[in-house]
Amino acid sequence: MSRTDAGPTTPVIAVVGPTGSGKSELGIALAEALGGEIINADAMQFYRGMDIGTAKLSVDERRGIPHHLLDILDVREEASVARYQQHSREVMAQVRARGNVPILVGGSGLYIRAALDELEFPPTDAAVRAGLEAEKSKFGLPALRERLAAVDPASAERLGDERRVIRALEVHRITGRPFSSFMPHRVYHQPAVQIGLQVDRDVLKDRLADRVHAMVERGLLDEVRRLDDHGLRSGRTASRALGYNQFLRVLDGIWPTAEAAEDTIAATRRFARRQLTWFRADERIHGLQWHDPQLLAKALGVVCSARPLS
């Protein structure tokens, strides 16, 4: 498929997979081949200054391809899937208006689904939530569970902890609909194709260790120190990011650098396993081997086959 083959019938493309599988590189290659623009779908790459620890591509590494939704949040701000859904769809429409192909790239599964799928986010109301929390303090959680069972049996059976029970009751009180009615379905919001990069687990295990050690050598600790000066600890999302959480402990004198690196490696491997499980559950994803010498050609073939016949 050449650059001129892309057009309005080319679906939205999503390149997904576990961290360290080469998604960014394939995204760039697809964008060069199709006349695409990249839309970030890695929640931690939203944050300004979180570059080394998130493996964010430098400007030179982007090879002139426009990238969107990078560096859009301060480390003190909280990422929101609902806001991302709105912003990503706005950007996709803008990319289409320029005659280009939107290419989502990232491993944050829920953010990918928010951009691609018919996924409705129920509203929130701080006053309603505060009232329910007061009722819980007065009457206890069992009373709230009983009330939830009366209005939303499906959620009552599935949810048990205090936060989720209160959230389900909040949604019902605001909308009059059961919280369970907002559960997502695997239906695309607009024509889309997902390409999932597959990596052997043993290979990925070694790659992730090498990746973390390279981040340390590039100055991850100094990056965390700079971000700490800008309020990293007060950010509910950013402060929990892989590597950043561990290296804050180095700054506090709790851990040596080597221990922080090893804990980051272990945490990153656990995260990659969760990503593999998440993406494996979506049968719509076309799996391709990350190291296949024909990877780009095969990915273009997947995109071409997903286009409707003219």
Next item on the list: Would you check which residues across the stretch 56-79 are of a type outside the set (D, E, K, R), in contact (Cβ under 8 Å) with a residue 60 or more places away in the chain and surrounded by fewer than 20 Cβ atoms within 10 Å (Cβ to Cβ) and list them?
Entry: Ala79
Notebook entry, point to check: Does the stretch 95-125 hold any residues that are assigned to a loop (DSSP other than H, G, I, E, B) and under 20 Å from the mean Cα position of the chain (by Cα), and which are they?
Noted result: Gly106, Gly107, Ser108, Glu118, Leu119, Glu120, Phe121, Pro122
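Residues checked against (1) outside the structural domain of Val75 (by TED's automatic domain parsing); (2) closer than 30 Å to Val101 by Cα:
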site: Ala154; (1), (2): yes, no
site: Leu197; (1), (2): no, yes
site: Arg226; (1), (2): no, no
site: Asp229; (1), (2): no, no
Next item on the list: Look through Val224, Val250, Val303 and report the one residue that is over 30 Å from Leu116 (Cβ atoms), touching a Pro at 6+ places or on another chain (Cβ under 8 Å) and in a helix (DSSP H, G or I).
Entry: Val250
Note to self: Quick check on my filter: what residues within the stretch 80-109 are surrounded by 13 or more Cβ atoms within 10 Å (Cβ to Cβ), among the aliphatic types (A, V, I, L, M) and farther than 21 Å from Pro178 by Cα?
What the structure shows: Val91, Met92, Val95, Val101, Ile103, Leu104, Val105
Check: For the subset of the stretch 244-292 comprising residues that are closer than 30 Å to Arg186 by Cα and among the aromatic types (Phe, Trp, Tyr), which member is surrounded by the fewest Cβ atoms within 10 Å (Cβ to Cβ)?
Finding: Phe271
Check: All but one of (1) more than 23 Å from Leu26 (Cβ to Cβ); (2) surrounded by 15 or more Cβ atoms within 10 Å (Cβ to Cβ); (3) under 21 Å from the mean Cα position of the chain (by Cα) hold for Val128; which doesn't?
Finding: (3)
Notebook entry, point to check: Of everything in the stretch 171-215 that's basic (Lys, Arg) and part of a helix (DSSP H, G or I), which residue is farthest from Pro18 (Cα to Cα)?
Noted result: Arg173
Next item on the list: Scan Leu119, Leu132, Leu104 and give me the residue that is at pLDDT below 95 and of a type in the set (A, V, I, L, M, F, W, C).
Entry: Leu119
Next item on the list: Mind telling me which of the residues Leu227, Leu148 ends up being farther than 30 Å from Pro122 by Cβ and aliphatic (A, V, I, L, M)?
Entry: Leu227
Item checked: Given (1) over 15 Å from Gln45 (Cβ atoms); (2) outside the structural domain of Arg145 (by TED's automatic domain parsing); (3) of a type outside the set (Phe, Trp, Tyr), number of the condition Gly131 does not satisfy -> (2)
Check: So, of the residues in the stretch 1-31 that are modelled with pLDDT of 90 or more and among the polar types (S, T, N, Q), which turns out to be nearest to the chain's Cα centre (by Cα)?
Finding: Thr19
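The values are calculated or read from the model by the stated rules, or taken from the named source; none is laboratory data. Keep in mind that this is a model prediction, so the values were computed, not measured. For neighbour counting, all protein chains shown are included, and Cβ atoms are generated from backbone atoms with ideal geometry for every residue, glycine included.
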